[in-house]
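Data block below; observations after.
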Amino acid sequence: MSPFTHVPNILTGYRFVAAPLLLFCLYPGAETWVSLLGFALYLSAALTDLADGYIARKYKVESVLGKLMDPLADKVLVASVLVMLIPLGRMPAWVAFLILSRELVVTGLRGVAASSGLVIAASRLGKWKSVVQLTALGTLMFPLGVLPIPFLHQIGLVILYVALFLTIWSGIDYFYRFQKVYLNP
């Protein structure tokens, strides 16, 4: 048995733990050190998203639990940050709504496919969506005024709108692949 057998699931579990902790770090009027702590927590959790899949594939320790929980952990992490960025005035609520709606629809489609024994793997487009989305959220949640980077918030918004475009595009792509595999086998 590989010494890495449980590492991917532990990393996935970390994202589930980090998400509610972020709620305590991302609130209006938070001290700069609290916001930085939240950013560090978010960054570490986002990096586990890259690490868990890599380790699972490299050491051939993929599990059914991991395949189910990994995308859910990603969505919980993203949802916690999306929701908290709204009262901070860092992003429009409609963007969060569209992103969360896409995530719920895709999760539902995955559930329907899985109930029939079908797996529709994440596409390269979906992986790019995740990277850009995680980058946008990290940029938007970083405390303003800490780094001498002008327009950091505006840069984060541009990345967020690119992420929104990729989110919608990958959602349409996922639905197309779902109907192709599930409805027309």
Give all pairs with beta carbons closer than 7 Å in which a residue from the range 31-60 that is under 19 Å from residue 130 (Cα atoms) meets a residue that is at pLDDT 90 or above and open to solvent by 50 Å² or more (accessible area, probe 1.4 Å); count only pairs at least 6 apart in sequence or on separate chains. 41/21; 45/14; 48/14
Please go through the range 1-40 and pick out each residue that is open to solvent by less than 30 Å² (accessible area, probe 1.4 Å), within 13 Å of residue 141 (Cα to Cα) and of a type outside the set (Gly, Ala, Ser). 22, 25, 26, 34
Of the residues 126, 171, 156, which single one is closer than 24 Å to residue 57 by Cα, open to solvent by less than 30 Å² (accessible area, probe 1.4 Å), out of contact with any Pro (no Cβ under 6 Å at 6 or more places or on another chain) and not polar (S, T, N, Q)? 126
Taking the range 165-183 as the region of interest, how many residues are among the small types (Gly, Ala, Ser) and within 16 Å of residue 116 (Cβ to Cβ)? 0
Filtering the range 147-161 down to residues that are within 14 Å of residue 92 (Cα to Cα) and of a type outside the set (A, V, I, L, M) yields 153, 154, 156, 161
Residue in the range 56-67 that is open to solvent by less than 70 Å² (accessible area, probe 1.4 Å) and either closer than 24 Å to residue 159 by Cα or of a type in the set (D, E, K, R) (or both) present: no
Residue 71 being in a helix (DSSP H, G or I) and loosely packed, with under 13 Cβ neighbours inside 10 Å: no
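The values are calculated or read from the model by the stated rules, or taken from the named source; none is laboratory data. Because the structure is a prediction, the values reported are computed rather than measured. Every residue, glycine as well, gets a Cβ built from its backbone with ideal geometry; the counts of neighbours run over all protein chains shown. These area figures cover heavy atoms from the full protein model, side chains too; ligands, DNA and RNA do not enter into them. Shrake-Rupley method; radii C 1.70, N 1.55, O 1.52, S 1.80 Å.
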